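Structure first, commentary second.
Each reported figure results from applying straightforward, stated rules to the coordinates on display, with no laboratory input. Note that the coordinates shown come from a computational prediction; the quantities given were computed from them, not determined experimentally. Reconstructed Cβ throughout: ideal geometry from the backbone, glycine too, with neighbour counts over all protein chains shown.
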Amino acid sequence: MLPILHFIFSLLLSSLFISKSNFLLILLLICAGGFLIDIDHYLIYFIKTKNFNLWKGYKFYLNAKHGRNEHVLQIFHTFEFFALVLISCLFFPMMLYFSASILLHYILDILENIFTKNKDYVKVWSILYFIIKKKNSQAF
């Protein structure tokens with residue numbers, strides 16, 4: 001999904017809490033979870049191209065056919081990352097806003113793949129699965 005759409009949905013989610021006295025902190029947490037977790041897309045771009053230009057990375061993801069039929073690990077889009085965020089909520093209750101926005105982000109990504117019929121894009125939702133898959137593919 002385009003980053004601007006994740007940002008808009010994050011703003012919509014944060015608008016539910018506009019009456020809270022700590023709204024600015026809530027807004028930051030929701031935008032970080034709903035929008036900034038896509039930084040893992042740029043990490044993959046940096047690793048593949050050794051280019052640190054954010055604009056070129058953005059255009060790469062808009063236009064490229066990379067990652068098709070290839071298992072791509074986006075570290076912030078995994079069950080393990082989400083589990084860590086949920087555990088952090090036990091110690092820092094404000095992290096609930098962050099976790100809610102991450103969940104919204106995941107749902108939007110899944111819906112986009114369903115409705116755009118983007119079935120040839122393989123996103124790995126688990127670090128453990130990625131490691132096992134990599135290990136098995138190297139064994140042959």
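Data table
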quantity	calculated
Whole-Hz ³J(HN,Hα) from phi, Karplus 6.51 cos²θ - 1.76 cosθ + 1.60, for segment 38-51, glycine and proline x	6, 4, 5, 4, 5, 4, 5, 4, 4, 5, 6, 10, 6, 10
About the Cα centre, charge dipole magnitude for the chain (Lys/Arg +1, Asp/Glu -1 at Cβ), debye	480
Within-14-Å neighbourhood charge of residue 128 [Cβ basis; K, R +1; D, E -1]	+2
Nearest 10 degrees, 0 to 90: helix 3-15 Cα axis against the chain principal axis	20
3J(HN,Hα) from dihedral phi, segment 126-135, Karplus parametrisation 6.51/-1.76/1.60, rounded to Hz, x for glycine, proline	9, 5, 4, 4, 4, 5, 4, 4, 5, 5
Exposure proxy ranking, count of Cβ atoms within 10 Å, fewest first, for 55, 125	55, 125
GNM flexibility winner over the chain from 21, 99, 88 (Cα, springs under 10 Å)	21
Rg over Rh [alpha-carbon atoms, Kirkwood Rh] for the chain	1.00
